[in-house]
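The values are calculated or read from the model by the stated rules, or taken from the named source; none is laboratory data. Quick caveat, the model's predicted, so the values are computed rather than measured. Every residue, glycine as well, gets a Cβ built from its backbone with ideal geometry; the counts of neighbours run over all protein chains shown. Surface accessibility is based on the protein's heavy atoms, side chains included, excluding ligands, DNA and RNA. Shrake-Rupley method; radii C 1.70, N 1.55, O 1.52, S 1.80 Å.
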Amino acid sequence: MNLTAVVMTLLELQTDPMVSIETKKAIAQSGNLPGTGNKERLAAAATVRAAYQASILIANNRPQHTINALSKEILTFKCDVEAGLSVHSMSQFPSSYHAILDKGRYPIYLLVQNVIEKTKPRDLAPILVKIVEIMLFCIDTDQFKTRTLGELVPSLTKNPLIDYCATTQQVAVGSNEGLVHVFDIRSSKCTPLHAHNAATTAVSLAANGRTLVTYSEREGKVSIWQSSSGLLSLMSPGPLKLVRTVDSLGVVKPGTYTKTPVFKWDAPRLITLYTADGNKKSFAV
């Protein structure tokens, strides 16, 4: 079975313009169809619901395959757009799903949001960076002017591997490879940082976006990153550079404890790490 083709076909069915965003949202939240409307609109809504439920069933059973398939197609779409191709011209390619991706941003958003909510955190970790890439593709960047990532995708920011800075509109995402990817929403650029030699466990951005703190429990190390400061970097800090590491935390074997490691900012330049074994350690940054 070609999973990509199936998922894309189901997403295309959910782009029917006869069905409003409000109806699609209601279908995703409760599964209910509108109580009133002409037969044609009700039939269209029923098709959207069936397609949504089928796509959810596939995504919940094969989350990594679904996310990888979407990520690959979106990457191709973005590369072609950057190359100057129009969505119409791209859609003429026999194997192109560009028109579906362009029209199906909201159905994709609903699908991936369900994956986030239904998938266990340890199963999300390998695909978390791709999930953030997909969600940023689906969300209109203008929404970040008045709303935070936590408001737009509440389930996403509950993960300790993700943090968002509203001041600079940046998202930091840790990965199993020890990398931390910093997404700049304004420029649509992503900068990977080699933070650890083992899986990243938690990340946190300072309120001004100029400091990033990362932690790997397998490595027993905290890395502190900072960007340039000054008048020119008030709204757009420069590249993050590693300024200090703390290696004396002790290695914690994943799965040994039930608590989730988290960072908490106690002051603008003071942060505390609460580890899985119940200990805590504060760092001046």
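Taken one residue at a time, the phi angles of the stretch 145-154 give Karplus couplings (6.51, -1.76, 1.60, θ = phi - 60°) of 6, 10, 10, 8, 4, x, 7, 7, 9, x Hz. Gly and Pro are set to x. For a test of the definition: using alpha carbon positions, the gyration tensor, and the 1.5 limit on a/c, classify the stretch 1-82 as rounded, prolate or oblate. Prolate, since a/c reaches 1.5 and a/b exceeds b/c. Which residues among the stretch 256-280 fall inside the zone where the amide N is under 17 Å from a point 7 Å beyond the Cα of R122, along Cα→Cβ? Inside the label zone: 256-261, 276-277.
Stokes-Einstein D for the chain at 37 °C, 0.692 mPa s, Kirkwood Rh over Cα pairs, in µm²/s? Write down the numbers at each step before the final one.
Values: Rh = 20.5 Å.
Translational D for this selection: 160 µm²/s.
Along the stretch 268-285 the Karplus relation, 6.51 cos²θ - 1.76 cosθ + 1.60 evaluated at θ = phi - 60°, assigns HN-Hα couplings of x, 10, 9, 10, 10, 9, 9, 8, 5, 8, x, 8, 9, 9, 9, 9, 8, 10 Hz to successive residues, with x for each Gly and Pro.
Taking the Cβ of A50 as the center, what net charge do the other residues with Cβ under 14 Å away carry, scoring Lys and Arg +1 and Asp and Glu -1?
On the way: positive: K24, R49; negative: E12, D16.
Result for the neighbourhood of A50: 0.
Where does the chain land at 222 nm, in deg cm²/dmol rounded to the nearest 500, when only DSSP H runs of n ≥ 4 count, each adding -39500 (n - 2.57), divided by all residues? Present the calculation step by step, with values, prior to reporting the outcome.
Details: 10 runs with 107 residues, N = 285.
About -11500 deg cm²/dmol.
Taking all protein chains in place and a 1.4 Å probe, what share, in percent, of the accessible surface of the chain do carbon and sulfur account for? Answer for the chain is 53 percent, counting heavy atoms of protein chains only.
Heavy-atom accessible area for R62, with the other protein chains in place and a 1.4 Å probe, reaches approximately 90 Å².
Pairs of Cα atoms nearer than 8 Å and 6+ residues apart set the relative contact order; for the chain it is 10 percent. Sorting the Cα pairs of the stretch 112-252 by distance into bins of 5 Å, from 0 upward, gives 2, 10, 21, 23, 20, 14, 7, 3, 0 percent per bin.
What is the stretch 1-159's relative contact order, in percent, from Cα pairs under 8 angstrom and six or more apart in sequence?
Values: 143 pairs, mean separation 40.6, N = 159.
Once normalised by length, the contact order is 26 percent.
The distance between label points at A284 and L270 comes to 1.0 nm (points 7 Å beyond Cα on the Cα→Cβ vector). Which shape class applies to the stretch 45-170: rounded if a/c is under 1.5, otherwise prolate when a/b exceeds b/c and oblate if not, where a ≥ b ≥ c are the square roots of the Cα gyration tensor eigenvalues? Cα axes put the stretch 45-170 in the oblate bin.
Would you work out the relative contact order for the stretch 77-230, in percent, from Cα pairs under 8 angstrom that are 6 or more residues apart? Contact order relative to length: 13 percent. A full extension of the chain between K103 and Q64 corresponds to an added length of 11.7 nm, given 0.36 nm per residue minus the alpha carbon distance. Rolling a 1.4 Å probe across the protein heavy atoms gives the chain an accessible surface of 52 Å² per residue.
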